[in-house]
Structures are given as C-alpha cells and as structure tokens.
1. As I understand it, the value is the acute angle between the Cα axis of helix 407-423 and the longest principal axis of the Cα atoms of the chain; what does it come to in degrees, rounded to 10?
2. Give or take rounding to whole Å, what are the principal axis extents of the alpha carbon atoms in segment 305-460, in descending order?
3. Charges on Cβ only, +1 for Lys and Arg, -1 for Asp and Glu, centred on the Cα centroid of segment 407-466; of Tyr436, Ser446, Met421, which one is farthest towards the dipole's positive end?
4. Excluding residues fewer than 8 places away in the same chain, name every one of the lysines whose C-alpha is closer than 19 Å to that of Lys189.
5. Gln158 versus Asp233, label points 7 Å from Cα toward the beta carbon: distance in nm?
6. Within segment 395-437, list the GluC sites (Glu not before Pro) lying in a DSSP loop whose Cβ has at most 16 other Cβ atoms in a 10 Å radius.
7. With both partners inside the chain, how many of the DSSP beta bridges are antiparallel, as a percent to the nearest 5?
8. At 1.4 Å probe size, with the rest of the protein present, what percent of the exposed accessible area of segment 117-203 is carbon and sulfur atoms?
Amino acid sequence: MTTIKLHNTKSRSKEAFAPINPQNVRMYVCGPTVYDRAHLGNARPVVVFDVLFRLLRHVYGADHVTYARNFTDVDDKINARAAESGREIGEITAETTQWFLDDMGALGALEPTHMPRATQYIPQMVAMIADLIARGHAYAAEGHVLFAVDSWREGYGQLSGRSVDDMIAGARVEVAPYKKNPMDFVLWKPSDAEQPGWESPWGRGRPGWHIECSAMSHDLLGDSFDIHGGGNDLMFPHHENEIAQSCCANPKGEFARYWLHNEMLQVEGKKMSKSLGNFFTVRDLLDKGVPGEVVRFVFLQTHYRKPMDWTEKKAAEAEKTLRRWRKLSDGVQPGKPDEVVLQPLYDDLNTSDTIQRLRAMARAIELDLETPEGKEKLEDFVATANLLGLLHDGLGDWTAAPSVDLSAHEAQLFAARQTAMETKDFAEVDRLKSAYTEAGLEVRMSKTGVELVPGRGFDAAKLEALA
Ligand code: AMP
Ligand code: ZN
C-alpha cells in the first residue's frame, strides 16, 4: 500500500499518514454557514478535501473511508438574513444548503458520507456542554455557558502555536462582564423570543459556533479520528476551540490526529472582497458559462498550502486544455490510475505537479494513439484524471454543442435579410443579429444561408423572447 504524506499543522511538518483503523479512515471538514450562495473562496476547501477523499478511497478502498462535513444552520448571520428578508430561517437554510450541494456538485465534488446539520445535534451539544461543566472546564453565567481556558492552559493554543498570554495580547477578544478570562469562549448563549432557541439546563438558548463541530465529529467519528480539515482562517480560534472542547470532554481520546489547512483564494492578485468589486459566487461563474470542471482544474493547479490566484487567463487556458483532453478521451472507458503520474499526490496532495505529469501523459498519448500501448495508456489517462475528479460523466459533457434546434431562427434571419435587400431597411436584420449575439450565438451569414453557432455562455432562454 502506498504511503500518503500529509502536512500536519499540529506538528508543523510532513508526516507519513497512518490511519487508526485502515478499515475505516475518518475525516472531518468544517462546512459552510448556510445563509447565502458560496463564493469562489468557499469552494477551495471543498475541492481540496474532495481530492483527499478520492485519494483515501483509492488507497484504502471506497467503503473504508468516512467523510463528515457539517452545515452550520444556526448562526446570527442566518438570523439577520431572515430578519431583513422577512423569510423563515428554515426556508433560508434549506434553500442555501441545496444551492451549496448543487454548486459543489458542478465542481465535481463527491458528497461526503455524512452531512450533519447543527440543528439536528442540539441534544448532543447540550450533553457535551453539561459534561464540560461537570469536569470543571466550563461555567454558566448569566444565561451563557463559557469554556474556561484557564482549566486547560497546557493544551490551549498548541495547534496555532501560541500561548494563552500571547493570544490575549494579540486577539480581538470580546470582553464581557460574565467572562472570568477574556479568552473564555461561548458554548451556549441565551435567545430572546425572536431568536431561534432550545430549552436547556441554562435556559432557552442556542449553541455557540465551535461546539457543533466537537459534538458532531464525536457522534459520527468517535473520540479519536484521523484527519480534520478546513481553511487556515479557521485555525484560530475555531479549531483551537474545537480541540479544547473535544479533548476536555473526551480525555481518553485524541480527537483529530492530522490537521490540514488550505490557504486562501485571491482574485486577480487581490483579496476577494465586496468593496473591491471582485467578489463573486460559484454560481455567478457557472451562469457566465464557465464550466465547473474548468474551475476545478484551475484550483488543482495550485498546491493547497499556497495562496491561489483565480484569474480569467487561467480559466481560459484550463478550458482549452480540458477541451483537448475531452476530445482525446471521448468514449474511452477508464483503465487504472497511473501511479507515476499520481506520485506527487501522495506527497502532501501536490495536485499542481500531478497536473503537470498528466499534461505530459496527454502529449505522449497524442503522438502514440494508433498503437495498442497508446490505447491502453489513454484508458489509464482517463482513470488518473478521474481520480482528480476530472473528465468524468458527473461533470456533464460541456464541450458538446448544446442540442437546441436553431433552424427556425436561422430561417427567420434569412427571411429578414431577403426582405431587407429589397426595402434597403436593415433595422430588423440588425435587431435579430444583436439579439442572437446577446444570447451567446455566433452569427454566420453567407449569400446562401444563415448559420447560428452556439458559443461559450449560450443561453437558449434568451431566444424565447424573439418570436
Ligand atoms: P465562511 O464563509 O467565512 O464561513 O467560510 C466557509 C469556509 O470557506 C471556511 O472553510 C473558510 O476557510 C473557507 N474560505 C472562506 N474564504 C476563503 C477564501 N478566500 N479562500 C479559501 N477558503 C475560504
Ligand atoms: Zn468546525
């Protein structure tokens, strides 16, 4: 069995990955808060950990890997969205959850084995909080329950490599009169009549953010599991707090052994932000006609521990490459993944080098298509690309021309032009031409006829208004 090496944030070094139980390799990744469409940055951890999930399944067998990723469906951002839109919270979270699954599916991400929603785990969270109080790691005050950081000074801060004192000095911690130490963080907080709330020993309230991941990972994966992942913006305080909660509630367990963090995504060299006007969602890109597979390919070209820059140029190049690969592999059944091409992937998920090797493999195959060896290599090429989540059916055959019958439109434009030749009034011809172009069609006119060719971003719905 090939060994996978992973960079463990906890040890700040690359380690050989050895699962607790190779029959059941377990991974937990922090998922989205569901109140809006996922932006492009949110998709990065999804794709990164999808590749790891696929690699683990390849090495240990598809039935021997358990992957859990949560949906945070109780959060003050969701409450605010409900208040401003006048919609029910449950309606917003259900809609946004489905959007997330659709959008990530379009990027070729497999669904995790478990996708727990926070609101379905309130009893487990309440039990864990009560347990933390009983063990002297948490205290109730003014309807809140807080984790007492002083009760676990020896462990707190180890992941991010800071001492409690450094953290107090450097962090923007919320000072509140009911906190014994400014670093103490909320496990439970009171809800007013307008806010979502559940009955608890501390009154009607709702959980703080961090406790859900501890409760859900424990319920689904146990006291000790293998991998915990997320964006590096979550390392502190979220992951540090998860560790404190889980290790103090389950002192016999180790919680997560390997901590993996992906770097952030930028756009055209700048931080993605609403104020810079470079903020967009995955759905915005898909609606613009950028295929999900192209987004995935661009992501894979950068190693997950490096900042990645999304640029239109990269997307255009990725599309060209994928069109070539899809043509090359059209109708070819997958053989077996090429382990030489995959070698960098075993080395801390170096997708960038793996893609380089895949490119070289494609070039070699193009020169050698007629021989039996070439044909076999092509099958292996497809299997290797599949392992990275590329070139599979789930992504849709986006390179094929859309099968829309355009003959009526072609006839309409042709007739309009015949009329215009006599009347010398080309207004109607111009109107139709610009409408077709607007719908994403290339208009080719010759003496004998009219041809409308769908291009990138073709939108058939826009033709309906043109009767
Ligand atoms: P948030 O929307 O901030 O709750 O983040 C949800 C997930 O997306 C977390 O795992 C973050 O680490 C990740 N994330 C947010 N922004 C970015 C970004 N610009 N690049 C990469 N990951 C991000
Ligand atoms: Zn989490």
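1. 50
2. For segment 305-460, the Cα spread along each principal axis is 70, 42, 25 Å.
3. Ser446
4. Within the straight-line cut-off, Lys189 pairs with Lys77, Lys179, Lys180.
5. Once both label points are built, they end up 2.8 nm from each other.
6. none
7. Beta bridges within the chain, antiparallel portion: roughly 50 percent.
8. 49
The values are calculated or read from the model by the stated rules, or taken from the named source; none is laboratory data. In this text the structure is predicted, and so the values were computed from the model without any measurement. Cβ atoms come from the backbone with ideal geometry, glycine included; neighbour counts cover every protein chain shown. Side chains are part of the model used for accessible areas, which takes the heavy atoms of the whole protein and leaves out ligands, DNA and RNA. Shrake-Rupley method; radii C 1.70, N 1.55, O 1.52, S 1.80 Å.
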